[in-house]
Amino acid sequence: MRSAPNVPEWEVLEFGAALAGLILVTVNPAYKPGELKYVLEQSASTEQLPDVGPDDPVQIQYTSGTTGFPKGALLHHRGLTNNARMTLGRFEFAPGEAYVNPFPLFHTAGCGLGALGCVSHQLAHVPVLAFEPGLMLDLVEAERAAALAGVPTVLIALTEDPGFDTRDLSSVRAALSGGALVAPDLVKRIEDRLGVRFSIVYGQTESSPVITQGRLDDSFDDRATTIGRPLPQTEVRIVDPVTGETVPCGVVGELCARGYLVMHGYYEMPDATFAAIDGGRWLHTGDLASMDDRGYCRIEGRLKDMIIRGGENIFPHEIEQRLFTHAAVGEVAVVGIPDETWGEEVCAFVRAAPGAMPEKDELVAYVRAELAAFKAPRIWVFVDEFPMTPSGKVQKFVLRERFLAGDLRPA
């Protein structure tokens, strides 16, 4: 059924309904209640809609594909709605405040946290048509947004925008980021320049998406170096990737989560579902993490990204965090490159900060000043930009493939 004045959406719906095999019932917007009642009843447009339960499937969200071909996570009403409500609830928004949402609406952070979170907290939802730093700053400024949100690459781009410090961003009370490495230096940069508190969220599409979150009243060290504690109604444990046993506090293992937020499975991919969700309904995230005795978690990297060089386990995450604090580094991604002698060699891909020209030897010394010598990258590649997923994550596998194909050359 369609009743509306002559707006572009009318024709979109006309063609869409035809392609979908649906019957379009047109209604004159000038109809009085009695006339409208007749049309609705005679055309059978008020047929009973199906009952929908909280655990019924509602979306298939495809994983971002940072390591290969994406899989379709079958998500349900209970997971998406409650996850959005709980996550944005940590910010104590007032009804009517604006939330500028740069996350794409095809992603759980966009149509879940953003759209559903705004409804549950009565916020004005302001989606960004297509991310561009100046446009997003315009929207934050004009709509008096209460929060600054985005994946790390978005926040980095905002702070590098020439007009960032001249904007009136006084309405912003908090910042939110996740979906990729959030370096402590980025947290400090945002907090110092805006006078706000930062909350890091951690999760994945398969968990609707947030599993853990930092609180705004946490200490700076907890806000900047941890991913917070599990959301309410969420169980988290760290397990040995080989034995599956829970490891002691402080020991690195795979982060697993259980609760209302876990997907039903991967759509029509039973083998992939079996590999991701065990018999106890624990979702195996594939992320390496540790948990302290207070329940705060720290991400150490991806299980698949771990580099084994000469028998030593190296986590790219800690190298990336160290390099990101260097003034000449805008963004960085560390990967393992096959090596006949060592098995794998550490390779750093670096995008320079605006106006900077980082030197390889200087960056090597910078890493070795804080980390063991064997962790310092032996291969350095300077790039103008990174290959990204549509949701803003660096595609490390693409960098590795381009390097091995000779398209990217070492410094």
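The values are calculated or read from the model by the stated rules, or taken from the named source; none is laboratory data. On a predicted model such as this, the values are computed, not experimentally measured, just so you know. Cβ coordinates were reconstructed from backbone atoms using ideal geometry, including for glycine residues, and neighbour counts include every protein chain displayed.
Quick notes on this one:
- Among residues of the stretch 183-229, those that are within 16 Å of the chain's Cα centre (by Cα) and within 20 Å of ALA84 (Cβ to Cβ), counted: 19
- Meets criteria (assigned by TED's automatic domain parsing to the domain that holds ALA146 and in contact (Cβ under 8 Å) with a residue 60 or more places away in the chain) for LEU88: no
- Evaluated against (1) in contact with a helix residue (DSSP H, G or I) (Cβ under 7 Å, 6 or more places away or on another chain); (2) without any contact (Cβ under 8 Å) to a residue 24 or more places away in the chain, ARG322 falls short on exactly one condition, (2).
- Number of the condition not met by PRO410 [criteria: (1) over 19 Å from PRO152 (Cα atoms); (2) in contact (Cβ under 8 Å) with a residue 24 or more places away in the chain; (3) surrounded by 11 or more Cβ atoms within 10 Å (Cβ to Cβ); (4) in the same structural domain as ILE319 (by TED's automatic domain parsing)]: (4)
- Qualifying residue in the stretch 4-22 (condition: within 29 Å of PHE131 (Cβ to Cβ), part of a strand (DSSP E or B) and either in contact with a Pro (Cβ under 6 Å, 6 or more places away or on another chain) or at pLDDT below 90 (or both)): no
- Residues in the stretch 157-197 that are in contact with an Asp or Glu (Cβ under 7 Å, 6 or more places away or on another chain) and farther than 26 Å from ILE319 by Cα: ARG167, ASP168, LEU169.
- For GLY301, the requirement of being assigned to a strand (DSSP E or B) and at positive phi is met.
- Residue within the stretch 284-305 that is free of Cβ contacts under 8 Å to residues at least 24 places away in the same chain and either assigned by TED's automatic domain parsing to the domain that holds LYS360 or over 19 Å from the mean Cα position of the chain (by Cα) (or both) present: no
- Counted residues, the stretch 245-262 - those being modelled with pLDDT of 95 or more and either exposed (fewer than 13 other Cβ atoms within 10 Å of the Cβ) or in a loop (DSSP other than H, G, I, E, B) (or both): 9
- Qualifying residue in the stretch 65-78 (condition: part of a helix (DSSP H, G or I) and modelled with pLDDT of 90 or more): yes
- Conditions (1) in contact (Cβ under 8 Å) with a residue 12 or more places away in the chain; (2) within 22 Å of LEU186 (Cα to Cα); (3) among the hydrophobic types (A, V, I, L, M, F, W, C); number of the one not met by CYS347: (2)
- In this entry, ILE337 is excluded by the filter for residues that are surrounded by 21 or more Cβ atoms within 10 Å (Cβ to Cβ), closer than 21 Å to GLY286 by Cα and not charged (D, E, K, R).
- Here ILE227 meets the list (1) at pLDDT 95 or above; (2) surrounded by fewer than 19 Cβ atoms within 10 Å (Cβ to Cβ); (3) in a loop (DSSP other than H, G, I, E, B) almost entirely, failing just condition (2).
- Answer from PRO133, PRO104 - the residue that is under 22 Å from GLY79 (Cα atoms) and out of contact with any strand residue (DSSP E or B) (no Cβ under 6 Å at 6 or more places or on another chain): PRO104
- Search result, residues across the stretch 389-399 that are touching a strand residue (DSSP E or B) at 6+ places or on another chain (Cβ under 8 Å) and either at pLDDT 95 or above or farther than 17 Å from PRO316 by Cβ (or both): LEU399
- Unique match (being more than 29 Å from GLU143 (Cα to Cα) and either in contact with a Leu (Cβ under 7 Å, 6 or more places away or on another chain) or small (Gly, Ala, Ser) (or both)) among GLN42, GLN61: GLN61
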